[in-house]
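What follows is a set of notes on a single structure, which appears directly below.
The values are calculated or read from the model by the stated rules, or taken from the named source; none is laboratory data. Source: prediction; values computed, not measured. All Cβ positions, glycine included, derive from the backbone under ideal geometry; neighbour counts span all protein chains shown. Calculation scope for accessible area: heavy atoms of the full protein, side chains included, ligands and nucleic acids excluded. Shrake-Rupley method; radii C 1.70, N 1.55, O 1.52, S 1.80 Å.
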Amino acid sequence: MKTVYFDLLHLYYLPQFLPVAQALWDKGTKVLFVVYVENDVIDITKKAINDEGFDYVTVSDKKSAIEYYFQHKPDWIIFGKAPATIYNALNDTSIKMAFMQHGIGPKACYYSSSEFPFDVRFVEGDTRKQRLQEMFPKGTFVDVGYAKLDPLFNGVEQAISLTSLGLDPNKKTLLYAPTFYPSSIECFGEDWPQDLANYNLIIKPHFFSLTKSKYRKQQALLEKWSSYDNVYLGSVDCYSLLPFMQVSDVLLSEASSTVFEFAALDKPVVWCDFYHVRWSYKGLFKFRFTKRMDKDIGLFEELCERAKTPSEVLSKVQYCLANKEEKSALRQKITFSMAGRTDGKCSERIVHFLLEN
């Protein structure tokens, strides 16, 4: 029986890992999550894994994680992010390392992370596979699709009730899923939800926006918005966007993986193309912002309705709801390119590779 470990550096990797872990478990594979104590929400992380019925161990830091891997020698370790260079030591063992990027957004790190010598990287779509193969000709890349979305396409994900969130089931629902940096959060006013009073507004910030002290201004705004009757604010223990994506009609986001994920459901997206950036990313240092993004962000122009200022968001939402089918064919085309196959069987393809190699 093969053993597969999931290196769970952060809680928000879990939605990507869980469908694969379940498919491995169904095949009789031993599955274990390795959780880092330095994780900001260790107790929530452990509860989430327990609730899903999987085993875990905790390690104090990266060094102790490597020591644990050396000692127990799993057949595979799956990472959600390229690990630190000290993990290169595992290349001298029988342990194999696989990479499932936790997001499919337009940041440059999506590609550069393949500099780490993984035994295999599971990739979302042939377009990205070809580009990665050109950049890293010695790497092994396998196009499987985006496993995180499997539960939405194979019917496993249970739909949530808007009423249970305190929202009005008779209203259209907007999902605002901003990233932590560069973010659009600070660009909106304290009374922003009032502008959207005719809609339900589910706000699901990035995990870091809720946990890192450097984002206190974001946290203050989010708290004020949560007091509005038409708003549901996802807390830290709401680690998955999938239930919210399922019940939402329009997505609002910026340079986030969620744009490609939501479009894969053939639903319209408003691109909030305005950001609060630090002084170190402005003026002469604007190149740092540009460097952080990949050219894939150009697809947002085709895929989304673009709001260049906060005041344009409402009209873009209204346009999306009135013209939901307008970009349907384009959404399907870009989804196939950026997210790969959406047949609900991505996890099965990953598991087949792991068990055969």
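Only Cα pairs under 8 Å and 6+ residues apart enter the sum, and on that basis the relative contact order of region 38-163 stands at 16 percent.
Based on DSSP, what percent of beta bridges with both residues in the chain are antiparallel, to the nearest 5? In the chain, DSSP labels about 5 percent of beta bridges as antiparallel. Quick check on the chain: take the gyration tensor over C-alpha atoms, sort the square-rooted eigenvalues as a ≥ b ≥ c, and tell me if it's rounded (a/c under 1.5), prolate or oblate. Taking the square roots of the gyration eigenvalues as a ≥ b ≥ c, the chain is prolate. Between amide H atoms placed 1.01 Å from N, distances below 5 Å from residue 232 occur with 201, 202, 203, all of them 5 or more places distant or on a separate chain.
In order along region 150-157, the phi-based Karplus estimate (6.51 cos²θ - 1.76 cosθ + 1.60, θ = phi - 60°) of 3J(HN,Hα) comes to 3, x, 7, 9, 9, x, 6, 5 Hz; Gly and Pro are listed as x. With every protein chain in place and a 1.4 angstrom probe, the accessible-area ranking of 204, 171, largest first, reads 171, 204. Computed from Cα positions, the angle between helix 14-26 and the longest principal axis of the chain comes to roughly 50 degrees. Please work out whether region 1-104 counts as rounded, prolate or oblate from its C-alpha gyration tensor, where a ≥ b ≥ c are the square roots of the eigenvalues and a/c under 1.5 means rounded, while otherwise a/b larger than b/c means prolate and anything else oblate? Since a/c stays below 1.5, the shape of region 1-104 is classed as rounded.
Largest to smallest in accessible area, the residues 157, 38 fall in the order 38, 157 (1.4 Å probe, all protein chains included). When the helices of the chain are scored as -39500 (n - 2.57) per DSSP H run of n ≥ 4 and the total is divided over every residue, the value at 222 nm lands at -9500 deg cm²/dmol.
When 275, 13 are compared by accessible surface with a 1.4 Å probe, the order from highest to lowest is 275, 13. Accessible surface for the chain, divided over its residues, is 44 Å² per residue with a 1.4 Å probe. Annotation: amide H of residue 123 within the under-5 Å range of 142, 143, 144, 145, sequence separation 5 or more or interchain, hydrogens built in the peptide plane.
Its Cα gyration tensor gives region 9-57 an equivalent ellipsoid. The semi-axes, each the square root of 5 times an eigenvalue, are 19, 10, 9 Å from largest down. Seen from all directions on average, region 159-204 presents a Cα convex hull projection of 3.8 nm².
Between the Cα long axis of helix 328-338 and the first principal axis of the chain there is an angle of about 30°, rounded to the nearest 10.
Helix 216-225 and the longest principal axis of the Cα set of the chain meet at an angle near 50°. Placing +1 on the Cβ of every Lys and Arg and -1 on the Cβ of every Asp and Glu, with nothing else charged, gives the chain a dipole about its Cα centre of roughly 920 debye. Amide hydrogen proximity for residue 78: with H placed 1.01 Å from N in the peptide plane, the residues at 5 or more positions away or on another chain lying under 5 Å are 5, 6, 7, 98. Going by the alpha-carbon gyration tensor, a ≥ b ≥ c the square roots of its eigenvalues, is region 176-274 rounded (a/c under 1.5) or, if a/c is not under 1.5, prolate (a/b greater than b/c) versus oblate? Here region 176-274 falls in the rounded category. Listed by chain and number, the lysines whose alpha-carbon sits under 17 Å from that of residue 327, ignoring those within fewer than 8 places in the same chain, are 267, 316.
Within straight-line reach of residue 212, meaning a Cα separation under 18 Å, sit the following aspartates and glutamates at least 8 residues removed in sequence or on another chain: 38, 40, 43, 186, 223, 237.
Among the lysines of region 60-183, pairs that are 8 or more positions apart or on different chains and have alpha carbons within less than 27 Å of each other number 29. Only protein atoms count toward the accessible area here, which uses a 1.4 Å probe; on the chain, the carbon and sulfur part of that area reaches 50 percent. Comparing 59, 317, 35 in a Gaussian network model of the chain where C-alpha atoms under 10 Å apart are linked, the largest mean-square fluctuation is found at 59. Note on the chain: GNM, Cα springs under 10 Å; of 139, 155, 125, the largest mean-square fluctuation is that of 155.
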